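Here the structure comes first, spelled out in structure tokens, and everything after it is commentary.
The values are calculated or read from the model by the stated rules, or taken from the named source; none is laboratory data. Small disclaimer: the values here were computed from a predicted structure and weren't measured. So basically every Cβ, Gly included, is an ideal-geometry build from the backbone, and we count neighbours across all protein chains shown. SASA here: full protein model, heavy atoms, side chains in, ligands and nucleic acids out. Shrake-Rupley method; radii C 1.70, N 1.55, O 1.52, S 1.80 Å.
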Amino acid sequence: MNNTRRASVIRTAVLAVLIGLVAAACSIGNTNSSEVALQYGAAGTREVNDVNDDHYYYPAGQRDFTFGDGDGKDSAALTSTTQDSQEIKVSGTIKFTLSTDCTEFTDPAGKTWPGGKLQFFHELIGSKYEPATEGGGQPGKWRELLGNYVGAALDRATDNEALKFGWQKLYSDTASKAAWEKAVLTELPKILQTLTQGVDIFRVDAVLLQKPAIQQKLADGLSEKQAAELRSQAVDVDKTAAASFPGGLPAYQAYQQQQAVNEAIKSGKVQVLPVPQGSPVIVSPGSGR
């Protein structure tokens, strides 16, 4: 049995991919249920569990990419421009799964990878971000890796799709926000594949976008618009009430004025001063209350 190691081969000959403890011989990879180990060894016929092999560990199963304000996020909040040229701030979570398929395949450029998509990922991307060489860890620059791939693709997808909606639709209309979210879910995998030479390395499972944050001037304008709508509705109610009030509009206005005075007295905003019997009632402003 030839156990001679050849440096020229170690980065290109993948003899096994160890996923969990699928067999006793795989225990050399020392993986757990949340990781996958890629094993590189020397050429020739040999045991797959050689202690001298190199192993590189990556997260297995569904993972999150979170973005927004505050600590503990994988990325800061993103910014996008809407159809009506307004800037919004985007926060949320992307749920994705790294492809750990070890079945031999040929990439779009015609190169065959004996260790499957995991080998392709490792040599194209993962090896540049300090992959873990022992179980129980993750690539040293995992967050940076995600930012350069998932984060970059997400930024482009949210930008592209936000341009199809007005800011108020995304901010106030639930159906429009859901449509935007669904569009990003469709667009994101396509953009990711352009970053990984056409190979679906990152499977996007879900896109969860929060209600976008808008500029203060837009929020103020929206509040004023809503207040104006309420005032307009109140005027319409007054017109309807006045039409049926005994004595018509003048009597209704007098009634409203008296109600306002009564409410002001009740709330303490004005003060009624005691006066001699038979004198007119004098109302003066309250004492700063």
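Some observations on this one:
- Test result for Glu123, part of a loop (DSSP other than H, G, I, E, B) and over 21 Å from Pro189 (Cβ atoms): no
- Close pairs from the range 191-213: first closer than 15 Å to Leu98 by Cα and part of a loop (DSSP other than H, G, I, E, B), partner open to solvent by less than 70 Å² (accessible area, probe 1.4 Å) and among the small types (Gly, Ala, Ser), Cβ under 6 Å, at least 6 apart: Ile201/Ser99
- Taken over the range 179-214, the criterion of being open to solvent by less than 50 Å² (accessible area, probe 1.4 Å) and under 15 Å from Glu161 (Cα atoms) is satisfied by Ala179, Trp180, Glu181, Ala183, Val184, Glu187, Leu188, Pro189, Ile191, Val207, Leu209, Pro212.
- For the range 74-97, the set of residues classified as surrounded by fewer than 16 Cβ atoms within 10 Å (Cβ to Cβ), assigned to a loop (DSSP other than H, G, I, E, B) and under 16 Å from the mean Cα position of the chain (by Cα) consists of Ala76 only.
- Condition check for Leu170: open to solvent by less than 30 Å² (accessible area, probe 1.4 Å), in contact with a Phe, Trp or Tyr (Cβ under 7 Å, 6 or more places away or on another chain) and without any contact (Cβ under 8 Å) to a residue 60 or more places away in the chain: no
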